[in-house]
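Since the structure comes first, as structure tokens, the remarks are kept for the end.
The values are calculated or read from the model by the stated rules, or taken from the named source; none is laboratory data. Worth saying up front: this structure is predicted, and the values here are computed from it rather than measured. Using ideal geometry, Cβ is built from the backbone for each residue, glycine included, and neighbour counts are taken over all protein chains shown. Surface areas here come from the heavy atoms of the whole protein model, side chains and all, with no ligands, DNA or RNA. Shrake-Rupley method; radii C 1.70, N 1.55, O 1.52, S 1.80 Å.
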Amino acid sequence: MKQARIAFEGRVQQAWEDNGKVRLADGRRVEETEVVWLPPVTPGTIFALGLNYADHAAEIASQAPEEPMVFLKGANTLVGHRAFTPRPADATNMHYECELAIVVGKPARNVVKADAYDYIAGYTVANDYAVRNYLEGFYRPNFRIKSRDNCTPIGPWLVDAADIADPMNLRLTTRVNGETTQEGSTKDMIFGVPFLIEYFSAFMTLQPGDVILTGTPKGTVNVMPGDEVVTEIEGVGALHNTIIERKA
């Protein structure tokens, strides 16, 4: 099942995918362009993995990490499907990052990899934009890059974990203005989905609604105001986003 959070006729509500349309709680079916899309989950803690694909690390001339490179993000960063993301006026290189997002389904503590999938509610698509010239240094490399308002579109759907047979073998694709610019597969993650659940739960309790962004493969390119960016993950969904200019 694919579910979403949307605003329609002045009310925030749950909705479901129904043969290419959006089915509302009252049974009506509408086009996806008729609703306002919200992030499909109200997040708890948002974990984000840096350089979790070796080819992307090489792409930005960085060494692949030997253990997860993790940072936290605020809920202010999330925005829904078909929303807008500002490009700062002083950005020299702002690029998308197509990522599989894991949504935790129940409290998880000291979970072993073999049991990790039992703790996952579902998956969605995230596009965690980066502004590379804001890189601040090793000790806090992602604060200005990754904590900006509306810098992380997510959605459109939350797909039940049971509907994704193998999250470690999904095709990722990004298109900018209809042109394919990024292709990869979750099988190329350095630290896979079960590993990450085991890793985090070894020292903290993961809670329902926590979100883990699992990183992006190579193929990131600079985007400009007016560009439409579609980040798509096989079986999970296609997330549309448009870049606008932020003057201040």
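Annotations
- If only residues of region 34-43 that are modelled with pLDDT of 95 or more and not acidic (Asp, Glu) are counted, the one that is surrounded by the fewest Cβ atoms within 10 Å (Cβ to Cβ) is 36.
- The residues of region 216-248 that are among the polar types (S, T, N, Q), closer than 26 Å to residue 185 by Cβ, part of a strand (DSSP E or B) and open to solvent by 10 Å² or more (accessible area, probe 1.4 Å) amount to a single one, 222.
- When every residue of region 61-73 is checked against the conditions, none turns out to be modelled with pLDDT of 95 or more and hydrophobic (A, V, I, L, M, F, W, C).
- Residue that is modelled with the lowest pLDDT [pool: residues in region 137-148 that are open to solvent by less than 80 Å² (accessible area, probe 1.4 Å) and in a loop (DSSP other than H, G, I, E, B)]: 141
- Residue within region 48-56 that is open to solvent by 40 Å² or more (accessible area, probe 1.4 Å) and modelled with pLDDT of 95 or more present: no
- The residues on offer are 64, 4, 15, and the sole one that is under 21 Å from residue 240 (Cα atoms) and touching a residue at least 24 places away in the same chain (Cβ under 8 Å) is 4.
- Residue within region 96-108 that is free of Cβ contacts under 8 Å to residues at least 12 places away in the same chain and open to solvent by 50 Å² or more (accessible area, probe 1.4 Å) present: no
- Of all residues in region 57-75, those satisfying the criterion of being open to solvent by less than 20 Å² (accessible area, probe 1.4 Å) and not in a loop (DSSP other than H, G, I, E, B) are 57, 73.
- Unmet criterion (only one of (1) open to solvent by 50 Å² or more (accessible area, probe 1.4 Å); (2) under 23 Å from the mean Cα position of the chain (by Cα)) for residue 25: (2)
- Restricting attention to region 185-198, the residues being farther than 18 Å from residue 121 by Cα, open to solvent by less than 70 Å² (accessible area, probe 1.4 Å) and over 15 Å from the mean Cα position of the chain (by Cα) number 2.
- A single entry from 178, 155 fulfils the requirement of being open to solvent by 20 Å² or more (accessible area, probe 1.4 Å) and under 19 Å from residue 85 (Cα atoms): 178.
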